[in-house]
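Heads up, the thing below is written out as structure tokens.
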């Protein structure tokens, strides 16, 4: 059933009529979704789609190439500020500004990838952590970037269309997310993707097989940063306002948490991880409004903790999820999904 | 001007040195950079603050209480989470410490809120003495002295006590240490407790200079890492020296080049050191076996 007889079967996007059917159904349902959902949910879906882009990009780096990055909030910030500044100061059209700032992010990723050639594991984590923090500092201190006050996103228009509601933004964001996911999925099936995976499994073995480590490690960083940059540019328009404190170290860990929860080295897993965790994040932001649980937490906070700090419960839960997943289910949601699928495929045996 | 910058750089540097020491002690035994270090120190400082201000105990009682808390926290994290990881690789260990970081950060912001608090300290930050043309506050002197004293104690601990020697043995070769009858698991826990307590000292010395809020240790954490990388993640002496060097370089940069971008120095140092001498200035180069 899953046997592949030649290379072209392996790189096909969809290999059966049934899959084509579901693929078209997916596109159709994504296209009709905004007309069925209330406004807040569309905002949430937009948020999810942006996080999916970052997570897929980060997974290319962490899951497929085996390099760690704790600085993705930095690339995200470069994308956001780059897009806004190019549009307000140089009057670039939206898509051009988005691509340019993502390329700038990719360039920074390439530069950060250079030390990665000599570093591994803990050292790389420290270097990328420093990068993320440095970017936030620079943005916060430099007047061009609006300093601590931040910047306001300009009006958005795409050719003749003016985009000013979340519903219109939905089509922009989801289309871009969809294309980028397809691109990532295809890239992993090509020479480049296989080189990434070889580097993850053993960089020394990959080098002896003729994989150019310099090229592919920096490329992995650049691609990953490109994804984060695009997502950052879109986020600027979703939020309408950006300031340095929205791109802190915690955000980088959140991105990493999305990847871990979804499952390392799986694009489908990244989508699941980003969607589930974004939902959790937005729900926990308003935790006191949850039925039953909210009231319990509010009274608990009043008695023992501090009511104003209650939304920080998101950070506690995220931390626990990361630890528990790493300890008990390193494959994340994707591993869970695969096990369920195999169980039903072979049922009742 | 120069002397002033160096003196206050040394005082900050000693804090970085403490954080770097706390990290290196853990890194040598568990082979993981502890990203939760800063938050462990921050929450211990908050415990001291609560005992001191909310419950009104004396300085001695509160500080000792905070140290006991810090030690218990270290043992707890090691025993409950880190030890449970099956077949850990570097990525999963790093992720676990990041998990601690987030849990502790969330707990502290939930309990104490984001508003900034003043941390009282028995030594004043405003009374100063003059050394030549430099001015140095009593607090800075206390920081320097406490740090040096602590380092001396650590030196004695690792040189002359049985636990300290067992710790060094575990760091060098855990398997051989276990064969020789050292309970390496217990040593691990003690290491985490020790490191957490050193971090707590750094937190309590930093809090009176800065203001106490959950973000207290975010930047010092990076500085601690920079110091550890600069001196070498595998040597205690190197990490301590790295802290002092970083403090002075950072202050000189702030004084002569640009005050605004002072905090980027740490990142630049990390990148430069890692590019040109990844093992650090004072450590032997280590090559991975295939």
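The values are calculated or read from the model by the stated rules, or taken from the named source; none is laboratory data. Quick caveat: nothing in here was measured; it's all calculated off a predicted structure. Every residue, glycine as well, gets a Cβ built from its backbone with ideal geometry; the counts of neighbours run over all protein chains shown.
Structure data summary
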read-out	value
Residue check for residue B:72: under 18 Å from the mean Cα position of the chain (by Cα) and either loosely packed, with under 15 Cβ neighbours inside 10 Å or not in a helix (DSSP H, G or I) (or both)	yes
Qualifying positions in region A:235-260 - away from chain B (no Cβ under 11 Å) and over 14 Å from residue A:73 (Cα atoms)	A:237, A:238, A:239, A:240, A:241
Residues satisfying the stated conditions in region B:83-120, i.e. at pLDDT below 85, buried (at least 20 other Cβ atoms within 10 Å of the Cβ) and more than 7 Å from chain A (Cβ to nearest Cβ)	B:88, B:119
Scan of region A:302-349 for residues that are within 22 Å of residue B:100 (Cβ to Cβ), without any contact (Cβ under 8 Å) to a residue 12 or more places away in the chain and within 7 Å of chain B (Cβ to nearest Cβ), ordered by number	A:305, A:306, A:309, A:312, A:316, A:319, A:320, A:323, A:327
Elements of type helices (runs of 4 or more DSSP H) in region A:213-307, at least 1 residues being over 22 Å from residue B:35 (Cβ atoms) and touching a helix residue (DSSP H, G or I) at 6+ places or on another chain (Cβ under 8 Å)	A:213-239, A:267-285, A:293-303
Search result, residues across region B:156-173 that are surrounded by fewer than 17 Cβ atoms within 10 Å (Cβ to Cβ) and without any contact (Cβ under 8 Å) to a residue 60 or more places away in the chain	B:156, B:157, B:159, B:160, B:161, B:162, B:163, B:165, B:168, B:172, B:173
Residue list for region B:225-278, restricted to those being free of Cβ contacts under 8 Å to residues at least 12 places away in the same chain, within 13 Å of another protein chain (Cβ to nearest Cβ) and assigned to a loop (DSSP other than H, G, I, E, B)	B:258, B:259, B:260, B:261, B:277, B:278
Qualifying residues in region A:121-158 (those that are free of Cβ contacts under 8 Å to residues at least 12 places away in the same chain and part of a loop (DSSP other than H, G, I, E, B)) - the one farthest from the other protein chains (Cβ to nearest Cβ)	A:155
Criterion (surrounded by fewer than 16 Cβ atoms within 10 Å (Cβ to Cβ) and modelled with pLDDT of 90 or more) met by exactly one of A:218, A:190, A:175	A:175
From B:220, B:214, residue being at pLDDT 85 or above and within 14 Å of chain A (Cβ to nearest Cβ)	B:220
Single residue of B:100, B:152, B:79, B:126 found to be assigned to a helix (DSSP H, G or I) and free of Cβ contacts under 8 Å to residues at least 60 places away in the same chain	B:152
Residue within region B:30-44 that is away from chain A (no Cβ under 14 Å), surrounded by 18 or more Cβ atoms within 10 Å (Cβ to Cβ), more than 24 Å from residue B:283 (Cα to Cα) and in contact with a helix residue (DSSP H, G or I) (Cβ under 8 Å, 6 or more places away or on another chain) present	yes
Single condition residue A:207 does not satisfy, out of (1) within 14 Å of another protein chain (Cβ to nearest Cβ); (2) surrounded by 24 or more Cβ atoms within 10 Å (Cβ to Cβ)	(2)
Test: residue in region B:131-144 that is in contact with a helix residue (DSSP H, G or I) (Cβ under 9 Å, 6 or more places away or on another chain), surrounded by 13 or more Cβ atoms within 10 Å (Cβ to Cβ) and under 22 Å from residue B:238 (Cβ atoms)	yes
Search result, residues across region A:109-120 that are part of a loop (DSSP other than H, G, I, E, B) and more than 7 Å from every other protein chain (Cβ to nearest Cβ)	A:117, A:120
Residues being farther than 18 Å from residue B:269 by Cβ and in contact with a helix residue (DSSP H, G or I) (Cβ under 8 Å, 6 or more places away or on another chain) - total across region A:123-146	5
One residue from A:57, A:74, A:79 being within 14 Å of another protein chain (Cβ to nearest Cβ), touching a helix residue (DSSP H, G or I) at 6+ places or on another chain (Cβ under 6 Å) and at pLDDT 90 or above	A:74
Answer from A:273, A:319 - the residue that is at pLDDT 85 or above and within 14 Å of the chain's Cα centre (by Cα)	A:273
